[in-house]
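The values are calculated or read from the model by the stated rules, or taken from the named source; none is laboratory data. Because the structure is a prediction, the values reported are computed rather than measured. No Cβ is skipped: glycine too gets one built from the backbone with ideal geometry, and neighbour counts run over all protein chains shown. Remember, those area values only see protein heavy atoms, side chains included, never the ligands or the DNA or RNA. Shrake-Rupley method; radii C 1.70, N 1.55, O 1.52, S 1.80 Å.
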Amino acid sequence: MEGRRSIVIAVFSTSAGSGKTVTAINLAAGLAKEGYQTCLVDLDLQFGDVMGYLDMVGDVTLADAQAALMRDEASFRIEDYLAEYSCGGVSFSVLPPPKEINDAYLVDVDAVAEIISRMGGFNFIVLDMTAVFSTLNLAMLDMSTVINFMGRSDFLPSVKNYKVGYDTLLRFEYEERKICLVENRAEENDLINYRDVERLLGAKFYHRLPVDSQAVTRSIRMGRPLMFSAPLSPLTQSYWQLVGRYTNRSIAPRQVQEQEVPAEEEKHSGFSWFFKRGKNHAEGQVKG
Amino acid sequence: MKYRAILVERDSVMLPHLAGALKADADFDLAATYHDAEQALGQSSVFRPNLFLIDVDSPKGLKLLPDFIDFFPNADFLGMMEHWKADTAEKVIQAGALGSIVKPFRTRDILKAMEIYGRRGQKKPTRTMAFFSPKGHSGRTTLASVMALELARKSGESVALIDADLQFGDVSMFFDVVPQHNVVEASHDIRLLNPATLEAYFHPVGQGVWVMGGPVRPEHAELVEADRLIEVVRMAGSLFRYVLVDLPAGFNPISLALAEFADTDILVSMINSGQEVRHMKRSMKMFQMWDAYGKKIYPLFSGVKRCTPEQKKKIEEEFGRSVTKILPEESHITAITGSGRLLKDLPEDMPYVRAVDDMVGEIIAGRR
């Protein structure tokens with residue numbers, strides 16, 4: 001199948017509020033910046049936030065794509081249903097979710113699978129998913145090259161759901177090496193130590209993303225990925241490393257892209273983070 | 001002798017059978033038996049009964065139940081039915097009876113029924129409240145849990161919290177309990193159960209609150225059919241004066257069916273990225289259809305920084321309609337729920353709890 005040429009990254013979690021959308025956006029932006037043709041698909045069909053977080057308005061959505069595909073499979077071109085996000089010379093495609101909740105309800109899993117497989121022109125397809133084992137999500141996990149499985153260690157019920165979710169993925173026979181455990185809101189002095197979480201899961205984190213709520217808030221407010229809205233943030237740097245891991249390239253930490261940072265922004269908040277970081281911050285290492 | 005009982009049963013085979021059981025128990029003094037409800041209503045006063053067992057499968061028995069209760073305000077009433085029928089059971093409670101039992105029964109079943117129905121609270125219809133949120137991480141379970149505790153505390157009646165967030169529900173964890181049974185089992189077994197046997201599927205967490213936890217494995221969620229779960233919720237109404245249901249996020253067959261069934265839907269979203277008001281607006285469209293049929297729909301926003309009337313107004317302007325309550329952001333409450341200390345460490349003077357308490361007061365007073 002044509003679509004199999006693309007690398008599909010499923011950004012998944014089993015507890016809400018673990019940073020799937022922010023991660024999906026910043027992965028897509030980072031991959032695009034690295035020169036890869038990238039498409040970001042918002043699979044939170046009812047309440048997707050990708051368009052909102054990127055301050056985009058689109059005319060066509062997945063619902064239109066599905067209708068067109070069902071009408072005439074032969075002449076269907078996915079390009080006609082994608083929105084384009086561009087900022088600072090970086091651009092990637094976005095497939096927006098249906099506008100109406102009723103349309104979201106009518107989305108057909110096979111149609112979505114077919115649409116994704118028609119995206120062979122892209123090097124990377126990033127899927128922003130919901131925190132549930134639905135038929136759609138399972139089909140997407142099946143299609144994905146890697147599962148960027150996110151969790152957070154700062155709230156015990158979330159840790160429980162991370163463990164339950166991970167065990168379920170393994171029970172569903174997803175290969176261990178396909179599942180990349182990504183901790184979000186990683187803090188060294190958290191009540192719950194990430195090593196304990198690793199022990200609980202029986203696996204190591206693939207990557208750990210630090211907390212920077214201010215940077216995320218700013219990014220959403222500006223409608224721009226972190227590299228443009230908070231280039232100095234350790235979170236932004238951490239996303240670069242994650243992009244580096246998925247592309248098998250070592251990406252040097254980026255310098256500030258001054259022209260993208262509004263003058264009035266408080267830069268000290270970004271720097272204070274660097275000072276707080278521990279020496280053995282695992283998420284800071286790029287392997288390979 | 002504890003109970004001077006009147007038995008009203010139209011079936012001539014069943015009547016002596018039930019009467020025999022009552023006669024054999026020293027706790028009961030069977031004052032009279034009747035085939036006809038009307039006759040019983042007219043004659044029973046001479047026996048000074050304090051317990052009525054009335055066949056409510058018969059339309060006459062059900063119809064006259066409110067008159068019985070009027071005539072004998074100091075007596076207890078139990079409806080009797082051959083098979084559990086949720087509709088009938090609800091009508092029996094609505095009339096002011098304790099509840100219903102399934103025939104045939106032993107006298108200890110009557111005692112058990114009186115014990116659990118007595119604990120339920122006022123002999124008034126059950127309030128069934130569903131907690132909906134468009135997305136997860138909304139403070140929905142926190143609100144449902146705190147509301148359950150406050151409802152029980154303020155009303156002195158019993159409250160159930162059912163975790164219908166079937167894949168990744170956190171209710172048990174918030175209360176730090178490991179229930180023996182869960183909602184999947186209850187839904188599976190419901191057609192074989194009556195209120196007394198359903199009670200065992202709830203875990204008492206204390207302070208007048210019982211919880212029914214979610215399944216251990218997320219894939220078990222698939223085993224739950226919405227109509228079965230509704231039967232669980234309805235039967236729970238015989239045991240608890242308030243039945244709270246924590247729904248999964250978003251619209252799916254379970255959340256839609258239960259939100260439609262409940263008399264009150266509480267919608268909650270946590271103000272975070274700024275997209276939440278839009279999500280709630282879109283959700284309201286689905287709920288407005290039911291609004292017209294007298295269902296109570298209450299939109300709330302949690303995680304509000306600077307919880308002031310001005311802030312509420314601002315949110316309402318964007319939302320395009322009135323907001324029932326705004327709940328303040330409170331890291332302390334996250335610490336409490338996250339470590340399962342809801343029962344032990346919930347301070348009444350916390351702004352969050354006070355805000356929930358306000359609403360609870362209005363619910364108890366019947367204003368909401």
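Among the listed pairs A:LYS204/B:LYS281; B:LYS112/B:LYS325; B:LYS135/B:LYS312, give every one whose C-alpha distance is greater than 31 Å. List each step's numbers first, then the result.
Details: A:LYS204/B:LYS281 41 Å; B:LYS112/B:LYS325 40 Å; B:LYS135/B:LYS312 21 Å.
Those over the limit are A:LYS204/B:LYS281; B:LYS112/B:LYS325.
With each pseudo-label sitting 7 Å past Cα toward Cβ, what's the B:ASP189-B:SER322 distance in nm, one decimal?
Going by the 7 Å Cα→Cβ label model, 4.5 nm.
Which whole-Hz couplings ³J(HN,Hα) result when phi for each residue of region B:152-164 is put into the Karplus expression 6.51 cos²θ - 1.76 cosθ + 1.60, θ = phi - 60°, listed in order with x for Gly and Pro?
Rounded to whole hertz, the list is 5, 5, 6, 9, x, 9, 8, 10, 10, 10, 9, 8, 9.
Which of rounded, prolate, oblate describes region B:3-120, given a ≥ b ≥ c as roots of the alpha-carbon gyration tensor eigenvalues and a/c under 1.5 marking rounded, otherwise prolate only if a/b is larger than b/c?
Working: a/c = 1.16, a/b = 1.06, b/c = 1.09.
Taking the square roots of the gyration eigenvalues as a ≥ b ≥ c, region B:3-120 is rounded.
Once Rh is set to the Kirkwood radius over Cα pairs, what Stokes-Einstein translational diffusion coefficient, in µm²/s, holds for region B:137-259 at a temperature of 25 °C and a viscosity of 0.890 mPa s? Walk me through the numbers on the way to the answer.
Numbers: Rh = 14.1 Å.
Answer, rounded: 174 µm²/s.
In whole Hz and in residue order, list the ³J(HN,Hα) couplings for region B:48-65 that follow from phi through the Karplus curve 6.51 cos²θ - 1.76 cosθ + 1.60, θ = phi - 60°; x for Gly and Pro.
Along region B:48-65, the couplings run 6, x, 10, 8, 10, 10, 10, 5, 9, 6, 7, x, 5, x, 5, 5, 7, 3 Hz.
How about B:LYS295: which aspartates and glutamates have a C-alpha closer than 12 Å to its C-alpha, ignoring those fewer than 8 places off in the same chain?
B:GLU260, B:ASP263, B:ASP265
Where does helix A:213-222 land angle-wise versus the long Cα axis of chain A, in degrees 0 to 90, nearest 10?
Helix A:213-222 sits at roughly 40 degrees to that axis.
For the protein assembly as shown, what is the calculated [θ] at 222 nm in deg cm²/dmol (nearest 500), taking -39500 (n - 2.57) for each run of four or more DSSP H residues and dividing by its residue count?
Numbers: 27 runs with 269 residues, N = 656.
Mean residue ellipticity at 222 nm (helix-derived): -12000 deg cm²/dmol.
Near B:LYS124, which aspartates and glutamates are there with a Cα under 13 Å away, not counting those fewer than 8 places off in the same chain?
Partners within reach: B:GLU90, B:GLU157.
Treating cross-link reach as a plain straight distance, find the aspartates and glutamates whose alpha-carbon is under 12 Å from the alpha-carbon of B:LYS285, omitting any fewer than eight places away in the same chain.
Cross-link targets: A:GLU100.
Treat each spin label as a single point 7 Å out from the Cα along the C-beta direction, and report the B:THR334 to A:ARG195 distance in nm.
It works out to 2.5 nm between the two label points.
Return the distance in nm (one decimal) between the two label points of a simple spin-label model at B:GLU219 and B:VAL13, each offset 7 Å from Cα along Cα→Cβ.
Taking the two extended label points, one gets 4.7 nm.
Taking beta carbons within 10 Å but only from partner chains, what does the mean come to for residues B:246-256? Could the numbers behind the result be given before it?
On the way: counts 0, 0, 2, 6, 11, 7, 4, 1, 0, 0, 1.
Mean shielding by partner chains, rounded to a whole number: 3.
When DSSP beta bridges are limited to those with both residues in chain B, what percentage is antiparallel, rounded to the nearest 5?
Counting DSSP beta bridges with both partners in chain B, the antiparallel share is about 5 percent.
In whole percent, how big is the carbon plus sulfur part of the accessible area of region B:127-364, probe 1.4 Å, protein atoms only? Before the final figure, lay out each step's value.
Numbers: 4570 of 8950 Å².
Taking all protein chains in place, region B:127-364 shows 51 percent carbon and sulfur surface.
Need one value for B:271-284: mean number of C-beta atoms belonging to other chains within 10 Å of its residues' C-beta atoms. Write out the running numbers ahead of the final one.
Details: counts 0, 5, 10, 6, 8, 3, 0, 3, 6, 1, 0, 6, 3, 0.
That works out to 4 on average.
Provide the packing ranking of B:267-278, B:177-188, i.e. peptides ordered by the mean count of other C-beta atoms within 10 Å per residue, highest first.
Values: B:267-278: 21.2, B:177-188: 19.1.
So the order, starting with the most tightly packed, is B:267-278, B:177-188.
Using a Gaussian network model on chain B with a 10 Å cutoff between Cα atoms, which of B:GLY121, B:GLY136, B:GLY294 fluctuates the most?
B:GLY294
So what are chain B's ellipsoid semi-axes, whole angstrom, largest first, if each one is the square root of 5 times an eigenvalue of the alpha-carbon gyration tensor? It would help to have the intermediate numbers written out before the result.
On the way: eigenvalues 349, 81, 70 Å².
Largest first, chain B gives 42, 20, 19 Å.
Enter the buried accessible area of the B/A pair, total of both sides, probe 1.4 Å, in Å² rounded to the nearest 100.
Details: alone 16550 and 13430 Å², together 27520 Å².
Summing both chains' loss of accessible area gives about 2500 Å².
Mind checking the mean number of beta-carbon atoms from other chains within 10 Å of the Cβ atoms in A:155-165? All intermediate terms of the calculation are to be shown ahead of the outcome.
Numbers: counts 7, 9, 13, 4, 2, 4, 7, 1, 0, 5, 3.
Average neighbour count from other chains, rounded to a whole number: 5.
Report the FRET efficiency, 1/(1 + (r/R0)^6), for B:HIS35 and B:GLU115, where r is their Cβ-Cβ distance and R0 is 45 Å, rounded to 0.05. If you can, show how the numbers build up before the last one.
On the way: r = 29 Å, r/R0 = 0.64.
It comes to 0.95.
Return the long-range amide H neighbours of A:GLN37 (sequence gap of 5 or more, or a different chain), with a cut-off of under 5 Å between placed amide H atoms.
Amide H neighbours of A:GLN37: A:ASN123, A:PHE124.
Quick one: pull the percent of accessible area on region B:8-116 belonging to carbon and sulfur, 1.4 Å probe, ligands and nucleic acids left out. Write down the numbers at each step before the final one.
Details: 2590 of 5140 Å².
After summing per-atom areas, the C and S share lands at 50 percent.
Skipping prolines and chain starts, which residues have an amide H placed within reach, meaning under 5 Å, of the one on B:GLY250, given they are 5 or more residues away or on another chain?
Amide H neighbours of B:GLY250: B:SER133, B:LYS135.
When you have a sec, figure out the Kirkwood radius of the protein assembly as shown from all distinct Cα pair distances and drop it here in Å to one decimal? Each step should come with its number before you reach the end.
Details: mean 1/r = 0.0368 Å⁻¹.
Answer for the protein assembly as shown: a Kirkwood hydrodynamic radius of 27.2 Å.
HN-Hα J couplings of region B:176-187 from phi, Karplus 6.51/-1.76/1.60, θ = phi - 60°, integer Hz, Gly and Pro as x?
Calculated HN-Hα couplings, in order: 6, 10, 10, x, 6, 10, 9, 5, 5, 5, 4, 5 Hz.
When chain B is treated as a GNM, springs tying every alpha-carbon pair under 10 Å, which of B:MET114, B:MET14, B:MET280 comes out with the largest mean-square fluctuation?
Per the Cα network of chain B with a 10 Å cutoff, B:MET14 tops the list.
Suppose all protein chains stay in the model; what accessible area per residue would a 1.4 Å probe give for region B:127-364, in Å²?
Values: 8950 Å² over 238 residues.
Heavy-atom accessible area per residue stands at 38 Å².
Of the DSSP beta bridges with both residues in region A:2-284, give the percent that are antiparallel, rounding to the nearest 5. List each step's numbers first, then the result.
Numbers: 5 of 32 bridges.
Antiparallel bridges: around 15 percent, rounded to the nearest 5.
Once the Cα atoms of helix A:20-33 and of chain A are each reduced to a long axis, what angle between those two axes, in degrees from 0 to 90 to the nearest 10, is obtained?
Roughly 90 degrees between the two axes.
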